[in-house]
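Data first, discussion second: the structure below is written as structure tokens.
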Amino acid sequence: MPGSEVEVVVVGGGAAGIAAARRLVEVGVDCLLVEARARLGGRAWTVTDPSGFAIDLGCGWLHSAEHNPWGPIARDEGATIDKSTPPWARPSLELGFPRDQQAEFQRAIGAFFARLERLAQNADDTAATAALDPGGRWNGLIGAVFSYISGAELDRASVEDFDRYEDSGVNWRVVEGYGTIIAGHAAGVPVALDCRVDRIDHSGKRLRIETTQGVIAADQAIVTIPSTLIAAQAIAFTPALPEKVAAAAGLPLGFDDKLFIALDRAEEFDRDVRVFARTDRTGTGAYQFRPLGRPHIEAYFGGALAAELEAGGEAAFFDFAVAELTSVFGSAFARRLKPIRIHAWGSDPFARGSYSYALPGAADCRQILAQPVDNRLFFAGEACSIHDFSTAHGGYHTGVLAAQEVIAVRRGSK
Ligand SMILES: Cc1cc2nc3c(=O)[nH]c(=O)nc-3n(C[C@H](O)[C@H](O)[C@H](O)COP(=O)(O)OP(=O)(O)OC[C@H]3O[C@@H](n4cnc5c(N)ncnc54)[C@H](O)[C@@H]3O)c2cc1C
């Protein structure tokens with residue numbers, strides 16, 4: 001490891017870095033996957049709750065599942081794929097949100113997405129707020145749902161970028177955890193954990209990669225750290241790469257956090273049913289009852305609300321959830337709730353957010369970020385994906401693409 005020489009260093013052991021390193025190892029390239037944390041997976045992270053259930057603090061859904069490369073990998077790893085309908089495609093609980101209002105909301109959000117698609121055809125990019133129906137009754141809840149998708153409020157997000165996202169509408173889960181599958185895919189890959197990269201000097205004949213465990217010399221590097229960290233220059237490049245820093249600054253990571261809550265007498269509720277406490281504002285949580293049939297509530301907070309709760313510390317999430325849930329089910333309901341686990345991704349030094357969105361006018365930053373430098377520095381990670389950004393499968397595809405580019409260069413065909 002450090003102090004050493006390898007052909008290729010892959011920086012960051014999340015979905016993109018693992019996919020890239022695995023591909024390199026498969027074709028016999030001498031590579032090292034260098035990860036700052038004490039674990040692999042990055043924003044894919046499965047932990048076990050006190051009852052033994054695998055819970056995903058980061059990605060949980062195999063979006064575009066029938067084309068998602070992590071599906072076959074999960075099957076190869078012997079995991080169980082759950083294909084049941086996701087909560088957002090089922091009716092929500094009627095309490096406080098009657099069926100006729102739910103139908104009205106579905107029509108309103110459908111019209112919002114149609115307007116957004118039309119706006120994206122304009123030459124000038126704009127913020128997603130422009131797709132709202134001014135004064136519309138459902139604008140608050142549309143903003144909330146948008147914050148779960150993008151991690152940001154409508155006024156921060158580019159319509160052009162949002163419209164480029166490709167979604168097949170098929171969503172599955174892995175019972176053993178998405179994070180388990182992604183980390184498991186690194187089997188056979190040489191890895192250095194607890195090894196933060198601080199500088200990549202690409203001024204000399206070989207790359208000089210300075211880490212907290214020493215210097216590594218390499219021919220090429222694939223950098224997969226989140227765009228927030230590129231923008232903050234958490235890794236210093238010598239010479240500097242101002243184009244990359246500017247592109248990454250156009251692709252911040254929005255905030256989305258999940259709080260898992262144990263629910264006493266959970267069987268009273270249908271599985272995978274969603275509850276909204278408020279339908280008139282953006283700062284509200286989405287509460288998924290009995291995810292995968294388990295005695296849990298998976299509470300989801302997005303955008304400015306998630307940022308505000310992170311600032312309040314972990315207890316702030318549970319307090320907020322209890323206040324919203326008791327407003328629907330009555331004050332005695334609080335006694336049935338016990339916090340299990342939250343991870344505040346915005347405060348996580350190796351993520352600084354949950355998933356990327358593009359600022360208005362910054363949709364093309366994804367291609368700029370992904371562009372190799374001198375056929376020696378390659379970039380991957382979900383923020384580099386034009387159509388699958390913000391997802392674990394987007395991370396995978398960018399990682400494999402970067403690995404293939406490296407392989408082509410090494411074979412002299414580039
Ligand atoms: C709450 C939440 C819910 C989500 N839900 C879904 C979902 O349902 N479906 C879905 O597809 N996606 C979802 N995502 C997004 C998905 O998790 C990410 O898009 C994906 O995991 C990103 O992979 P990546 O490899 O691009 O980045 P990362 O996973 O962030 O990997 C980058 C790695 O680089 C490491 N690193 C950082 N700095 C350094 C350094 N200086 N030196 C060395 N290593 C460094 C990090 O520790 C990290 O391991 C969710 C994310 C969150 C947070």
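The values are calculated or read from the model by the stated rules, or taken from the named source; none is laboratory data. For clarity, every value in this text was computed on a predicted model and none was experimentally measured. Virtual Cβ from ideal backbone geometry, glycine too; neighbours counted across all protein chains shown. We work out accessible area using only protein heavy atoms, side chains counted, and drop any ligands, DNA or RNA first. Shrake-Rupley method; radii C 1.70, N 1.55, O 1.52, S 1.80 Å.
Got a sec? Which of R37, R22, R43 is open to solvent by 40 Å² or more (accessible area, probe 1.4 Å) and part of a loop (DSSP other than H, G, I, E, B)?
Values: R37 fails: open to solvent by 40 Å² or more (accessible area, probe 1.4 Å); R22 fails: part of a loop (DSSP other than H, G, I, E, B).
Only one candidate qualifies: R43.
Inclusion of P86 among residues that are under 30 Å from S347 (Cα atoms) and either of a type in the set (D, E) or modelled with pLDDT of 95 or more (or both) is warranted. Pull up region 107-126, narrow it to residues that are assigned to a loop (DSSP other than H, G, I, E, B) and of a type in the set (A, V, I, L, M, F, W, C), then point me to the one that is least open to solvent (accessible area, probe 1.4 Å). Across region 107-126, the extreme among qualifying residues is A120.
Yes or no, residue by residue, for (1) more than 10 Å from the ligand (Cβ to nearest atom); (2) surrounded by fewer than 16 Cβ atoms within 10 Å (Cβ to Cβ); (3) among the small types (G, A, S):
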residue	(1), (2), (3)
K338	yes, yes, no
G346	no, no, yes
Y355	no, no, no
V373	yes, no, no
A383	no, no, yes
F389	no, no, no
V400	yes, no, no
A403	yes, no, yes
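Residue by residue, here is whether (1) open to solvent by 20 Å² or more (accessible area, probe 1.4 Å); (2) within 30 Å of Y396 (Cβ to Cβ) holds:
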{"residue": "F105", "(1), (2)": "no, no"}
{"residue": "S147", "(1), (2)": "no, yes"}
{"residue": "E153", "(1), (2)": "yes, yes"}
{"residue": "Y165", "(1), (2)": "yes, yes"}
{"residue": "V174", "(1), (2)": "no, yes"}
{"residue": "V189", "(1), (2)": "no, yes"}
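Taking region 2-19 as the search range and keeping residues that are more than 9 Å from the ligand (Cβ to nearest atom) and at negative phi, which one is most open to solvent (accessible area, probe 1.4 Å)? If we take residues in region 2-19 being more than 9 Å from the ligand (Cβ to nearest atom) and at negative phi, then E5 is most open to solvent (accessible area, probe 1.4 Å).
Would you please name the residue that is nearest to the ligand (Cβ to nearest atom), looking only at residues in region 226-245 that are free of Cβ contacts under 8 Å to residues at least 40 places away in the same chain and small (G, A, S)? Steps first, please.
Within region 226-245, the first condition is being free of Cβ contacts under 8 Å to residues at least 40 places away in the same chain, and the residues that meet it are 231, 233-234, 236, 238-240, 242, 245.
This time we only want the ones that are small (G, A, S), so: 231, 234, 236, 240.
Working: A231: 12, A234: 6, A236: 10, A240: 16 Å.
Per the criteria, the residue is A234.
Quick grid of which residues meet (1) touching a residue at least 60 places away in the same chain (Cβ under 8 Å); (2) farther than 30 Å from A402 by Cβ; (3) touching a helix residue (DSSP H, G or I) at 6+ places or on another chain (Cβ under 6 Å); (4) away from the ligand (no atom under 16 Å from the Cβ):
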site: L24; (1), (2), (3), (4): yes, no, yes, no
site: P50; (1), (2), (3), (4): yes, yes, no, yes
site: E66; (1), (2), (3), (4): yes, no, no, no
site: K83; (1), (2), (3), (4): yes, yes, no, no
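Could we say that I73 is at pLDDT 95 or above and touching a helix residue (DSSP H, G or I) at 6+ places or on another chain (Cβ under 7 Å) here? Give the derivation first.
Details: at pLDDT 95 or above: yes; touching a helix residue (DSSP H, G or I) at 6+ places or on another chain (Cβ under 7 Å): yes.
Against the criterion (at pLDDT 95 or above and touching a helix residue (DSSP H, G or I) at 6+ places or on another chain (Cβ under 7 Å)), I73 qualifies.
Is it the case that D257 is touching a Gly at 6+ places or on another chain (Cβ under 6 Å), charged (D, E, K, R) and not in a helix (DSSP H, G or I)? Quick ask: steps written out before the conclusion?
Values: touching a Gly at 6+ places or on another chain (Cβ under 6 Å): no; charged (D, E, K, R): yes; not in a helix (DSSP H, G or I): yes.
No; evaluated as a whole, the condition is false for this residue.
Looking only at region 264-284, residues that are in contact with a Lys or Arg (Cβ under 8 Å, 6 or more places away or on another chain) and either open to solvent by less than 10 Å² (accessible area, probe 1.4 Å) or basic (K, R) (or both) come to 6 in all.
Residues that are open to solvent by less than 40 Å² (accessible area, probe 1.4 Å) and either touching a residue at least 60 places away in the same chain (Cβ under 8 Å) or part of a helix (DSSP H, G or I) (or both) were ranked within region 127-142; the one that is nearest to F329 (Cα to Cα) is L141. Selection of first residues in region 336-365 that are closer than 16 Å to F389 by Cα and touching a residue at least 40 places away in the same chain (Cβ under 8 Å) and of second residues that are among the basic types (K, R) and in a loop (DSSP other than H, G, I, E, B), restricted to Cβ pairs under 6 Å at least 6 apart or on distinct chains, gives the following pairs, ordered by first then second residue: A351/R43. Of everything in region 405-414 that is among the basic types (K, R) and part of a loop (DSSP other than H, G, I, E, B), the residue that is nearest to the ligand (Cβ to nearest atom) is K414.
Against the test of being in a helix (DSSP H, G or I), of a type in the set (V, I, T) and buried (at least 21 other Cβ atoms within 10 Å of the Cβ), the options I209, I222, I200, I182 yield a single qualifying residue, I182.
Within region 161-179, take every residue that is within 12 Å of the ligand (Cβ to nearest atom) and assigned to a loop (DSSP other than H, G, I, E, B) and give me the one that is farthest from P239 (Cα to Cα). If you could, list the steps in order and put the result at the bottom.
Kept after step one, since they are within 12 Å of the ligand (Cβ to nearest atom), are these residues of region 161-179: 165, 167, 171-174, 177-179.
Subset that is assigned to a loop (DSSP other than H, G, I, E, B): 165, 167, 171, 177.
On the way: Y165: 33, D167: 38, N171: 43, G177: 40 Å.
Here the answer is N171.
G96 satisfies every condition listed in (1) away from the ligand (no atom under 15 Å from the Cβ); (2) at pLDDT 95 or above; (3) not acidic (D, E) except (2). Scanning region 50-97 for residues that are open to solvent by less than 30 Å² (accessible area, probe 1.4 Å), within 26 Å of T398 (Cβ to Cβ) and in a loop (DSSP other than H, G, I, E, B) turns up L57, G58, G60, S64, N68, P69, A79, P86.
Right, Y287: in contact (Cβ under 8 Å) with a residue 40 or more places away in the chain and surrounded by 16 or more Cβ atoms within 10 Å (Cβ to Cβ) or not? Step through it out loud before you land on a result.
On the way: in contact (Cβ under 8 Å) with a residue 40 or more places away in the chain: no; surrounded by 16 or more Cβ atoms within 10 Å (Cβ to Cβ): yes.
So Y287 does not fit the description; no.
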